[in-house]
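Okay, so here's the structure we're looking at.
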Amino acid sequence: MTARTPSRRTVLGGLVATALTAPVPAFAGAGVPRIVALDWVSAASLAALGVMPVAAPELPRYAQIVVEPALAPGVQELGLRAEPNLERIARLRPDAILTDGELAPLEARLNRIAPVHRFQPHAFDGRDQIAAGMAALDGLGRTVGLERQVNDYLARAQAAFDGAARLPAIDRRPAYVISLIDGRRCLVFTADGLFQAVLDRLGIANAWTGTGSAFGHLTVTLDQLAARPEARLINIGHVALVRAALAMRQPVLSSLPAIRAGRVTLLPEVLFYGGIPAALRFLHLLTDALQAEHAA
């Protein structure tokens with residue numbers, strides 16, 4: 001029997017899946033630091049490196065919104081992201097505490113428990129979000145002694161992003177990347193956000209040319225998505241809501257050129273400011289969807 005050469009889709013899918021699937025997650029022991037994550041991005045980044053945080057906030061919502069990397073059952077709940085349980089953190093006796101900087105007023109108290117390190121992979125200065133995320137992870141590795149884990153993960157991630165540029169058989173027309181709010185409004189993701197950094201590697205332009213928030217999004221009315229009638233519509237999250245709106249033929253949504261032409265891609269939740277793990281999740285979901293649509 002003649003062996004078949006793997007397709008580029010199979011190779012890229014394997015690279016992304018490998019990058020998304022960290023080594024066997026570890027808690028304390030064998031030199032692994034005990035780290036508390038006070039935000040979802042820090043928790044996801046640690047999990048992607050194969051080092052589970054000992055605790056993180058709002059775990060049920062993390063599972064719904066961040067999704068992957070999944071956190072292990074042994075991760076402790078810290079309560080709300082804005083109001084973490086300081087007594088529980090102290091009882092856990094962590095080696096380090098990660099925060100995105102949103103809890104600056106608490107940092108003095110947290111520093112009495114363990115050294116606090118800020119981890120914010122999202123760039124607010126116009127830099128490429130993937131490059132910024134990789135630089136932030138590199139800094140995290142050196143700060144908390146996870147250099148080997150970070151280097152391995154970044155090598156796999158870079159291979160996945162490099163492979164995206166060579167991916168054949170996908171529709172590379174401009175795209176509106178949105179998240180539907182209701183029958184009249186949506187979030188539209190702008191060219192300076194994390195999702196666009198992934199689209200750039202796929203050679204897909206953003207059909208929305210306006211600016212947005214510091215995190216690269218803006219609330220707009222759906223009729224504004226008709227300005228580029230040739231564009232594709234990529235919706236992230238709220239899949240049941242979108243399908244219901246389409247089934248009910250809601251007037252504004254149904255009138256959009258992309259909807260009438262069937263150029264709609266529905267993806268599950270991806271955290272739009274989630275750094276490299278979220279970028280890889282978006283890459284994986286989008287390329288799988290586009291290639292499936294092309295094959296159909």
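Structure above, values below:
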{"item": "Residue-wise HN-Hα coupling along segment 146-158, computed from phi with Karplus coefficients 6.51, -1.76, 1.60 (Hz; x: Gly, Pro)", "result": "10, 4, 5, 4, 5, 4, 5, 5, 5, 5, 5, 5, 4"}
{"item": "Dimensionless Rg/Rh of segment 224-296 - Kirkwood Rh, Rg from C-alpha atoms", "result": "0.99"}
{"item": "Full-extension gain in nm, Ala159 to Arg93, via 0.36 nm per residue minus C-alpha separation", "result": "20.1 nm"}
{"item": "Cα gyration tensor of segment 148-296 - equivalent ellipsoid semi-axes, whole Å, descending", "result": "26, 17, 14"}
{"item": "Per residue, in Å², the accessible surface of the chain once ligands and nucleic acids are set aside, probe 1.4 Å", "result": "46"}
{"item": "Percent antiparallel among DSSP beta bridges (both partners in the chain, rounded to 5)", "result": "35"}
{"item": "Percent carbon-and-sulfur accessible area, segment 150-239, ignoring ligands, DNA and RNA, probe 1.4 Å", "result": "55"}
{"item": "Nearest 10 degrees, 0 to 90: helix 275-295 Cα axis against the chain principal axis", "result": "30"}
{"item": "Neighbourhood net charge (12 Å Cβ-Cβ; Lys/Arg +1, Asp/Glu -1) for Gly79", "result": "-1"}
{"item": "With every protein chain in place, segment 55-149: carbon and sulfur % of accessible area (1.4 Å)", "result": "49"}
{"item": "Share of pairwise Cα separations in segment 170-227, more than 12 Å, in percent", "result": "63"}
{"item": "Whether segment 199-242 is rounded, prolate or oblate, judged on the alpha carbon gyration tensor where a/c under 1.5 counts as rounded", "result": "rounded"}
{"item": "Positive dipole terminus of the chain, leading residue within Ala114, Pro168, Gly74 (C-beta point charges)", "result": "Pro168"}
{"item": "Degrees between helix 129-144 axis and first principal axis of the chain (Cα, 0 to 90, nearest 10)", "result": "10"}
{"item": "The chain - mean residue ellipticity at 222 nm from DSSP helices (-39,500 (n - 2.57) per run, n ≥ 4, rounded to 500)", "result": "-12500 deg cm²/dmol"}
{"item": "Rounded to the nearest 10 Å², the accessible area of Glu269 at probe 1.4 Å", "result": "50"}
{"item": "Estimated inter-spin distance, Ala108 and Phe215, nm [label 7 Å along Cα→Cβ]", "result": "2.8"}
{"item": "Whole-Hz ³J(HN,Hα) from phi, Karplus 6.51 cos²θ - 1.76 cosθ + 1.60, for segment 64-71, glycine and proline x", "result": "7, 9, 7, 6, 9, x, 5, 8"}
{"item": "Low-density loop cleavage sites - trypsin sites (Lys or Arg not before Pro) in segment 203-279, where at most 15 other Cβ are within 10 Å (DSSP)", "result": "Arg249"}
{"item": "Estimated translational D of segment 73-123 in µm²/s (Stokes, Kirkwood radius over Cα pairs; 20 °C; 1.002 mPa s)", "result": "184"}
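The values are calculated or read from the model by the stated rules, or taken from the named source; none is laboratory data. Just so it is clear, the model here is predicted, and its values are computed rather than measured. Ideal geometry is used to build each Cβ from the backbone, glycine not excepted, and the neighbour counts take in all protein chains shown. In case anyone asks, the SASA skips ligands and DNA or RNA and just uses the protein heavy atoms, side chains included. Shrake-Rupley method; radii C 1.70, N 1.55, O 1.52, S 1.80 Å.
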